[in-house]
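The structure appears right after this line, and notes come after that.
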Amino acid sequence: MLPPRIFYKYAPELHNGCETQVGVPVAVQLLGSDPVQMGRHGAKAVELGATQVDINFGCPAKTVNKHKGGCVLMREPELMQQITEAVRAAVPAHVPVTAKMRLGYDDRSMGVACGQALEAAGASEIVVHARSKVDGYKPPAYWEDVARVREAVNAHVIANGEIWTVADYWRCREVSGCDDVMIGRG
Ligand SMILES: Cc1cc2nc3c(=O)[nH]c(=O)nc-3n(C[C@H](O)[C@H](O)[C@H](O)COP(=O)(O)O)c2cc1C
């Protein structure tokens, strides 16, 4: 188990009702591939004050993927489901468990299967970064593929990727059909 000081280091908002100083709610995000450990850490995050636990299935970093964390898990929707189920089971029912993913690792073909796996596991919200791992951070973002995920699941799907301007925001909403978007670098 990571000790509490590590949770507080990366999520200092835990000291503040899990909000930023101006009151923006913050989710604690976990990254890993062992369902049991992920469940334990989800429960610990909530014990320390987390009001939402998010799981990272989108990180493209080599070191992270080499250790089977982040986007490489999109090659194995069954394992994504087991991880998410374990976190969902370990976290009190009133705390949302959510996930962040891309559209796939090698290509953009895994979004629907992975979105369905997350939904089956009880994720209530899925942020989809509209690229594969291989796409990296290169424009464009494939918002039309986010629409396919949104159409395939009942969970709340949030579109992400290449939203830099208000015009991008409106175009992303239109193409993805998502009412909500996530902004990273912008
Ligand atoms: C330096 C950097 C660090 C990131 N760290 C995380 C992270 O810890 N968790 C996560 O879900 N996404 C992380 N992302 C991905 C962003 O959340 C987002 O999906 C990506 O940047 C695409 O959105 P954008 O085009 O609006 O930036 C990171 C991105 C960058 C550039």
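Taken together, the values in this text are just the output of simple stated rules run on the coordinates, not laboratory data. Predicted model only: the values in this text are computed from it and were never measured. When we count neighbours, we look across all protein chains shown, and the Cβ atoms used for this are built from the backbone with ideal geometry, even at glycine.
Which of Arg148, Arg131 comes first, and how do the rest follow, when ranked by fewest Cβ neighbours within 10 Å? Don't skip to the answer; put the middle values down first.
On the way: Arg148 17, Arg131 25.
Final ranking by Cβ density, sparse to dense: Arg148, Arg131.
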With label points set 7 Å from each Cα along the Cα-to-Cβ direction at Arg185 and His156, the distance between them in nm comes to 2.7 nm
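Taking the highest mean first, how do the peptides 32-41, 14-23 order by number of other beta carbon atoms within 10 angstrom per residue? Walk me through the numbers before you get to the answer.
Details: 32-41: 17.8, 14-23: 11.8.
Listed from highest to lowest mean packing, they are 32-41, 14-23.
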If every Lys and Arg gets +1 and every Asp and Glu gets -1 at its Cβ, then about the Cα centre the chain yields a dipole, in debye to the nearest 20, of 640 debye
Listed residue (His15, Tyr169, Ala93) projecting farthest to the positive dipole end of the chain, Cβ model: His15
Under 15 Å between alpha carbons, and skipping anything fewer than 8 positions from Lys68 in its own chain: which aspartates and glutamates qualify? Asp34, Glu76, Glu78, Asp106
Output the relative contact order of the chain, whole-number percent, from Cα pairs under 8 angstrom with separation of 6+ residues. 15 percent
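Give Lys44/Lys133; Lys66/Lys100; Lys44/Lys138 a once-over and call out the pairs whose C-alpha atoms are over 25 Å from each other.
Details: Lys44/Lys133 30 Å; Lys66/Lys100 19 Å; Lys44/Lys138 36 Å.
Too far apart for the 25 Å limit: Lys44/Lys133; Lys44/Lys138.
Tell me what the chain gives for mean residue ellipticity at 222 nm when only DSSP H runs of n ≥ 4 count, each as -39,500 (n - 2.57), the sum divided by the residue total, rounded to 500 deg cm²/dmol.
Values: 7 runs with 71 residues, N = 186.
My calculation for the chain gives -11500 deg cm²/dmol from helical runs alone.
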Can I get the semi-axes of the chain's equivalent ellipsoid? Compute them from the C-alpha gyration tensor as square roots of 5 times the eigenvalues, in angstrom, largest first. 25, 19, 15
Going by alpha carbons, how many degrees (0 to 90, nearest 10) lie between the helix axis of 111-121 and the longest principal axis of the chain? 30 degrees
